[in-house]
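To keep things clear, I will list the structure first and then write my remarks on it.
The values are calculated or read from the model by the stated rules, or taken from the named source; none is laboratory data. No experiment lies behind these values; they were computed from the predicted model shown. FYI the Cβ positions are ideal-geometry reconstructions off the backbone, even for glycines, and counts take in every protein chain you see.
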2 protein chains.
Amino acid sequence: MTVTLADVAARAQVSPATVSRVLNGNYPVAASTRERVLRAVDELDYVLNGPASALAAATSDLVGILVNDIADPFFGIMASAIQAEIGGPGGRAGGERLAVVCNTGGSPERELTYLTLLQRQRAAAVVLTGGAVENAPHVAAVSAKLRKLAEAGTRVVLCGRPPAPDTGAIALTFENRGGGRELTEHLIGLGHRRLGYIAGPEERTTTRHRLEGHRAALKAHDIEEDPRWTVHGRYDRRSGYEATLELLRRDPTLTAVVAANDSVALGACAALRESGLRIPEDVSVAGFDDLPFSIDAVPSLTTVRLPLSEAGARAGRIAMGREEEPPGGIATIRGELMVRGSTGAPRK
Amino acid sequence: MTVTLADVAARAQVSPATVSRVLNGNYPVAASTRERVLRAVDELDYVLNGPASALAAATSDLVGILVNDIADPFFGIMASAIQAEIGGPGGRAGGERLAVVCNTGGSPERELTYLTLLQRQRAAAVVLTGGAVENAPHVAAVSAKLRKLAEAGTRVVLCGRPPAPDTGAIALTFENRGGGRELTEHLIGLGHRRLGYIAGPEERTTTRHRLEGHRAALKAHDIEEDPRWTVHGRYDRRSGYEATLELLRRDPTLTAVVAANDSVALGACAALRESGLRIPEDVSVAGFDDLPFSIDAVPSLTTVRLPLSEAGARAGRIAMGREEEPPGGIATIRGELMVRGSTGAPRK
DNA sequence: CCTCGTATAGAAAGCGCTTGCTGTGCAGCT
DNA sequence: AGCTGCACAGCAAGCGCTTTCTATACGAGG
């Protein structure tokens, strides 16, 4: 039915071993033989059986990329960059690897299941992107899994995610705390003293770090934070919209709203506008990430640019062993404050 | 070194066959035995060897999703929906399948290579999303590949992509032509007579269909199109920005700009604004797709909503054999005109 | 002329799992 | 009691490939 190595071998009048060697090209084969084999491959339209090959060789060419939400450009951009480096067809790398992106939807269970699935496939490498969930049992479970993967020879890289100690995983971490602080300091510098904060979901490292940065800035400038000024939500526009209305209800005198990320900030802008407030004259708005659409907001969004693409590319190269690991297995990646039109001095 | 089925069998005091049957659950096993096996699995922390299993069973649990650009929410949203249905951990489906999304970057070669890679992995199903490239040799090559995949038992579904005759692939096609026409008719209805069109890359079916719809509308209303009114570009914001400046240069009297998609439309808005033109008072702008951010544009974007999520979900179900195929293997999915703030009557 | 090293090619032993077929023991039947 | 049928469990044969080890051929060196 389907063409196998043996068929090719028969047609080329050589042994299966030779065909395998021609295909893998890591053993001397006479030019004439090679050509004969390749012709046979072509004529029979032979396609290697991946599983069989992976079984025999005890390695596969699969590389997993775990993302929280594939519909979110934040992850899409990283995934795209990682994948470009991983190889995949046309990638920079030589060998053809199947870069597979797995959508965890932010769920710890799914994350774990995907890791098992990848372990089952004997993936060559795994890259986990985005913040982690800070739930003790889950963290332990993931750590254990990562350790197992590493032991089995799978290279593990964390991209935009905090380090996982003792797992052998390389971590490229975003400096969310520092970025958050810088952003809020910019606002304080403009004269703002009453700042609302729309945080992401609790229990996520990203949420916590950004919020900590924000608070650190307040503290450094002796601004006492009102607990009503913080609202938690999801990392999407809708959430930003709703949270902003809530914030406005709680304290209509706020002069600035800092959002967990750009999507949330966009939702905040919509809510403010609908409430008859002008940006930035009445209320300043700031985001985080600097996704492509942020510059198109009106006014364009002040935010912290995260080098998503560069970080992804680096993670991909490390995963492929084409770039040296950072010292200590950990690298911190800073964001850059992008001051744009959505922030200005408060009116009075 | 690594734990195998045999180890589990030994520990549970049963034969490997029994362990396999417990794990696959499609053969009667006494409850007590099953439990013993499961305990052993747990104690040994056994993880099935995917390749070995795939080899022996001649099937794998991989499902491929091909997208043009994973960083583009258009694809992200579809991929997310497809994947949710495919199963993957936590998905609606029962079995755990590895939904892998492959980023072709719009390149025909990569597309082909990925298909081969998936064929090599003996994927259970493949979903191709987004428009295709209209290049005869490539179309033929893809068709041949799809036929092969189908023959090998891989279910092939096209989502938002034109049908591929004689390949056995199921197609869910977007009615790009109709949507394009409706959009332009809306503009004409508002009184516009000089409309610029920013098309996507040539050779893509999506580009052609949308453009054809636009032209059909013009023709139906006896508007003669000036060749200067059409510019081709990429499907991104940047391209929309540049194309708009070009359009303005060619004919400053245009009263409306129709963009190939929402990202392009956003770029167009930016260019118009920077040129000192108001939207929609001076120039109306329209997009296509209705991606989430479109409603946040200021003014919010008139566009054609494509039910990306629904289409993806349906494609996913069909790929899993959980939904009946449409009659003739082809279904056409209509877009819905969303009239918003970015379009209005021309000034005079 | 014979022995070797070198360059290739082949034989064969798995890799870890699935599954058709073959037992085995026990309840139910005549 | 003897037999049939059923519910499980095991045997063993692969699945299609990789890779170690062995065989062959040839030119070179002694």
- prompt: If you go through the range A:198-218 one residue at a time, do you hit one that is over 30 Å from residue A:317 (Cβ atoms), surrounded by fewer than 17 Cβ atoms within 10 Å (Cβ to Cβ) and aliphatic (A, V, I, L, M)?
  reply: yes
- line: If we ask which residues in the range B:7-22 are surrounded by fewer than 18 Cβ atoms within 10 Å (Cβ to Cβ) and either closer than 24 Å to residue B:97 by Cα or within 10 Å of DNA strand D (Cβ to nearest atom) (or both), their number turns out to be 4
message: Please go through the range B:278-305 and give me each residue that is away from every other protein chain (no Cβ under 11 Å) and either among the small types (Gly, Ala, Ser) or free of Cβ contacts under 8 Å to residues at least 24 places away in the same chain (or both), ordered by number.
response: B:278, B:284, B:286, B:287
query: Taking the condition of a type outside the set (Lys, Arg), closer than 20 Å to residue B:96 by Cβ and within 30 Å of the chain's Cα centre (by Cα), does residue B:52 pass?
result: no
message: Show the residue pairs meeting these rules: Cβ distance below 6 Å; 6+ apart or different chains; first residue within the range A:156-175 and on the phi > 0 side of the Ramachandran plot; second residue among the hydroxyl-bearing types (Ser, Thr, Tyr).
response: A:160/A:129
Helices (runs of 4 or more DSSP H) contained in the range B:1-90 and holding at least 3 residues more than 10 Å from DNA strand C (Cβ to nearest atom) and in the same structural domain as residue B:313 (by TED's automatic domain parsing): B:73-86
query: Taking the range A:44-53 only, how many residues are more than 8 Å from DNA strand D (Cβ to nearest atom) and more than 9 Å from every other protein chain (Cβ to nearest Cβ)?
result: 1
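Matching residues to (1) more than 9 Å from chain A (Cβ to nearest Cβ); (2) of a type in the set (Val, Ile, Thr); (3) free of Cβ contacts under 8 Å to residues at least 24 places away in the same chain:
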{"residue": "B:12", "(1), (2), (3)": "yes, no, no"}
{"residue": "B:23", "(1), (2), (3)": "yes, no, no"}
{"residue": "B:26", "(1), (2), (3)": "yes, no, yes"}
{"residue": "B:34", "(1), (2), (3)": "yes, no, yes"}
{"residue": "B:39", "(1), (2), (3)": "yes, no, no"}
{"residue": "B:55", "(1), (2), (3)": "no, no, yes"}
{"residue": "B:59", "(1), (2), (3)": "yes, yes, no"}
{"residue": "B:63", "(1), (2), (3)": "yes, yes, no"}
- prompt: Is at least one residue of the range B:195-203 acidic (Asp, Glu), over 17 Å from residue B:302 (Cα atoms) and outside the structural domain of residue B:254 (by TED's automatic domain parsing)?
  reply: no
field: Subset of the range A:257-270 that is within 12 Å of another protein chain (Cβ to nearest Cβ) and crowded, with 23+ Cβ neighbours inside 10 Å - its residue that is nearest to residue A:244 (Cα to Cα)
entry: A:268
field: Unmet requirement for residue B:100, which otherwise passes all of (1) closer than 29 Å to residue A:57 by Cβ; (2) among the β-branched types (Val, Ile, Thr); (3) more than 7 Å from chain A (Cβ to nearest Cβ)
entry: (3)
